[in-house]
Amino acid sequence: MEHDLDDVWQQTHSVWPALRGARLFLTGGTGFIGCWLLESLRHADQRLGLGVQATILTRDPLAFRRKAPHLADYPGFRFVTGDVCGFDTPAGEFSHLIHAATDASAALNENDPRRMFDTVIQGTRRALDFAVEKSVDRVLFLSSGAVYGQQPWEMERVAENWIGSPSCTDPRAAYAEGKRAAEMLCAIYQKQFGTKIAIARIFALLGPYLSLDIHFAAGNFIRDAMQGSPVIVNGNGLPCRSYLYASDLTVWLWQMLVLAEPGKPYNVGSDESVSIRDLAERVARVIGSGSYQVLGAPDQGWNPGRYVPDTGLIANDLGLRRTVSLDEAIRRTALWNGWKGK
C-alpha cells in the first residue's frame, strides 16, 4: 500500500499547500473511502509537515483502533463518537468538511429502506448544518452514481447532464433517492447560505480496505479466487460495471475538495465497462486458477443493466484520469488481503 500512497502523493502535490494548517471534519472516516483519505492525509502530512488537524466522526472508535491502529493513534487525528444523523458539534474551528458517511449497504437498503433513506438525508442535513455553523470554507459531499437510476442499456456511459432517475415507488431505490435528495440539500445550502459544496458521484471501486464478504461482486470474486475456488457468478453475468482503483479515487477526491467548482457534480469512477461474467474471468485469470462458473440465475440486484460513468467532465475540468488498470487493481487488492502472488 505504501506504493499506492506514494502515487497519491505524487499526483496531489499541487493541492496540499491549500490544506496547510487546515482543520478538517470527516464523517464516514472509518469506512473504505474514509480510510484511504486518512491514509493519504497522514502520508502527506508526514512528508510535508502540513500541520493538518482532522476530526473524524465514528460510531465505534475502539473498533476502528483494532482495524487501523496506526491511523487511530496518529497525532493529527482526533476521533469523536457519534452518529451522523445527530452528532454533537465538536469544539474548535473547521475549514473543510468531507461528508462521506452512509455506505451503500445492500442489506440495509433491502431490509430497512426507511432507515437507509433517513440516514442519507438526515445525515447530510446535519453535516451541512455543521458546515454553516462553523463557517466551513469548502465541503465535499460523496454522492453516488445511483442517482441516475437505471442506466439505459444502449447508453454505454452515463454523463452528469443525463436527467434519468430511480423509481420513486420502488423501496429498493431508497439509497439512490436519498442521495438525490441529499444533492438537492447541497444545492439549497449553497444558494441559501453560500456554502461551497463539491459533489462526487461515486461508482464501483476496488482496493485495500474493500470488504470481500458482503454484496460487492468484485470483492466476492477476489475472495473465491484467493481461496483456490472457482469464481462463482450467481446471476447471468450480463450486467456491466466499471471499477476505479482506490488510489485513483483518492487523488480525485482531494483534487475535488480543493479545486472543483462548487455545485457542479462530477462522476468519479472508471469508464472501462466490463460485464460481471468477464470480471469473473479476469479475476480467475489474474489471481486464481482460471476457473469460474456462471450459474445463470435471474439477476436480483438493484441494477441488472449498465452502471458505468462518463468521466469526460472531470478529465476536462480537473485533468483527472484513471491510471491503474482493472487487472492491476484486482492484483493489488488481492495482495493487500494476503494473496502471495503467482
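Taken together, 193, 203 contain a single residue that is closer than 23 Å to residue 37 by Cα and touching a residue at least 60 places away in the same chain (Cβ under 8 Å), which is 203. Filter region 155-179 for residues that are charged (D, E, K, R) and surrounded by 21 or more Cβ atoms within 10 Å (Cβ to Cβ); which is farthest from the chain's Cα centre (by Cα)? The extreme case among them is 177.
Of the residues making up region 83-105, not a single one is part of a helix (DSSP H, G or I) and closer than 23 Å to residue 216 by Cβ. With respect to (1) in a loop (DSSP other than H, G, I, E, B); (2) modelled with pLDDT under 95, the lone exception for residue 21 is condition (2). In a residue-by-residue description of region 201-208, the property of being among the basic types (Lys, Arg) and surrounded by fewer than 22 Cβ atoms within 10 Å (Cβ to Cβ) applies to no position. Only one entry of 327, 317, 271 meets the criterion of being modelled with pLDDT of 95 or more and either under 21 Å from residue 176 (Cβ atoms) or out of contact with any Lys or Arg (no Cβ under 9 Å at 6 or more places or on another chain) (or both), and that entry is 271.
Within region 289-302, does at least one residue satisfy the condition of being touching a Leu at 6+ places or on another chain (Cβ under 9 Å) and not charged (D, E, K, R)?
At the first step, the residues of region 289-302 found to be touching a Leu at 6+ places or on another chain (Cβ under 9 Å) are 299.
This time we only want the ones that are not charged (D, E, K, R), so: none.
Looking through region 289-302, none of the residues is touching a Leu at 6+ places or on another chain (Cβ under 9 Å) and not charged (D, E, K, R).
Total residues in region 148-172 satisfying the condition of being part of a helix (DSSP H, G or I) and either basic (Lys, Arg) or modelled with pLDDT of 95 or more (or both): the figure is 2. No other residue among 15, 80 is among the β-branched types (Val, Ile, Thr), under 25 Å from residue 323 (Cα atoms) and surrounded by fewer than 18 Cβ atoms within 10 Å (Cβ to Cβ) apart from 15.
Output the number of the condition that residue 193 fails; it satisfies all remaining conditions of (1) over 27 Å from residue 217 (Cβ atoms); (2) buried (at least 16 other Cβ atoms within 10 Å of the Cβ); (3) aromatic (Phe, Trp, Tyr). Just one mismatch for residue 193, condition (2). Pick from 224, 248: which is under 24 Å from the mean Cα position of the chain (by Cα), of a type in the set (D, E, K, R) and closer than 16 Å to residue 202 by Cβ? Answer to the selection: 248. The numbered conditions (1) assigned to a helix (DSSP H, G or I); (2) of a type in the set (Lys, Arg); (3) touching a residue at least 24 places away in the same chain (Cβ under 8 Å) are all true for residue 78 except (1).
Does residue 58 fit the bill of being in contact with a His (Cβ under 8 Å, 6 or more places away or on another chain), at pLDDT 90 or above and buried (at least 23 other Cβ atoms within 10 Å of the Cβ)? Spelling it out, it is not the case that residue 58 is in contact with a His (Cβ under 8 Å, 6 or more places away or on another chain), at pLDDT 90 or above and buried (at least 23 other Cβ atoms within 10 Å of the Cβ).
Candidates in region 182-210 are the residues that are over 22 Å from residue 31 (Cα atoms) and of a type in the set (D, E, K, R); of these, the one that is farthest from the chain's Cα centre (by Cα) is 191. Mind listing whichever residues of region 209-262 are in a loop (DSSP other than H, G, I, E, B) and of a type in the set (Val, Ile, Thr)? Answer for region 209-262, where residues must be in a loop (DSSP other than H, G, I, E, B) and of a type in the set (Val, Ile, Thr): just 214. Considering the conditions (1) on the phi < 0 side of the Ramachandran plot; (2) at pLDDT 90 or above; (3) not aromatic (Phe, Trp, Tyr), residue 107 is excluded by exactly one of them, (2).
Would you call residue 86 surrounded by fewer than 19 Cβ atoms within 10 Å (Cβ to Cβ) and within 23 Å of residue 257 (Cβ to Cβ)? Quick ask: steps written out before the conclusion?
Numbers: surrounded by fewer than 19 Cβ atoms within 10 Å (Cβ to Cβ): yes; within 23 Å of residue 257 (Cβ to Cβ): no.
Taking the combined requirement at face value, the residue does not satisfy it.
For residue 126, indicate whether it is without any contact (Cβ under 8 Å) to a residue 40 or more places away in the chain and outside any loop (DSSP other than H, G, I, E, B). Against the criterion (without any contact (Cβ under 8 Å) to a residue 40 or more places away in the chain and outside any loop (DSSP other than H, G, I, E, B)), residue 126 does not qualify. The single residue among 68, 63, 22, 127 that is touching a His at 6+ places or on another chain (Cβ under 8 Å), surrounded by fewer than 22 Cβ atoms within 10 Å (Cβ to Cβ) and at negative phi turns out to be 22.
Collect the residues in region 163-210 that are closer than 17 Å to residue 264 by Cβ and aliphatic (A, V, I, L, M), keeping them in residue-number order. Hits for region 163-210 are 163, 182, 184, 185, 187, 188, 197, 198, 199, 200, 202.
Conditions tested, residue by residue: (1) at pLDDT below 95; (2) charged (D, E, K, R); (3) crowded, with 18+ Cβ neighbours inside 10 Å.
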| site | (1), (2), (3) |
| --- | --- |
| 198 | no, no, yes |
| 215 | yes, no, no |
| 218 | yes, no, yes |
| 227 | yes, no, no |
| 232 | yes, no, no |
| 235 | yes, no, yes |
| 238 | yes, no, no |
| 242 | no, no, yes |
| 245 | no, no, yes |
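The values are calculated or read from the model by the stated rules, or taken from the named source; none is laboratory data. From a predicted model like this one, the values you see are computed outputs, not experimental measurements. Cβ: placed from backbone, ideal geometry, glycine included. Neighbour counts: every protein chain shown.
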